[in-house]
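Please treat every number below as a calculation from the coordinates, not as lab data. Values in this document were obtained by computation on a predicted structure and should not be read as measured data. Cβ coordinates were reconstructed from backbone atoms using ideal geometry, including for glycine residues, and neighbour counts include every protein chain displayed.
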């Protein structure tokens, strides 16, 4: 079962709910770069907040692991915003942005798995 995290704009906002339960088909089209960037910002912000909350409420968590996870979230955010803002020349836009969405989904799922293992 593949998860896709880009339906946040379409659904009502429930704190952290989509991180564990959302599945979206690949038929949804991204309207423009702005909505894609906004989705990336929301998802990374919520992942960051989830890690911060986990570190505050779970005293057994090592601070080095939390710092590494927060750093990886920031790197993913910066990398994907940069990739959306400056597409590679010569590639078909539809295929390029589809690849970005798939890569981001993989990264987000990995981060969610790391959060669950904290």
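Highest-first packing order for the peptide set 38-51, 84-97, 61-74 is 38-51, 61-74, 84-97, based on the mean count of other beta carbon atoms within 10 Å.
Could you work out the relative contact order of the stretch 18-116? I mean the mean sequence separation of Cα pairs under 8 Å and 6+ apart, divided by the number of residues, in percent.
Numbers: 41 pairs, mean separation 33.1, N = 99.
Relative CO of the stretch 18-116 lands at 33 percent.
Based on the Cβ-Cβ distance of residue 32 and residue 63, what FRET efficiency does E = 1/(1 + (r/R0)^6) give at R0 = 25 Å, to the nearest 0.05? In this case the efficiency is close to 0.05.
The spread of Cα positions in the stretch 18-116, taken along each principal axis and listed from longest to shortest, comes to 48, 26, 18 Å.
Which value in Å is the Kirkwood Rh of the stretch 74-114 over different Cα pairs? Present the calculation step by step, with values, prior to reporting the outcome.
Working: mean 1/r = 0.0921 Å⁻¹.
Taking the inverse mean of 1/r over all distinct Cα pairs, the stretch 74-114 comes out at 10.9 Å.
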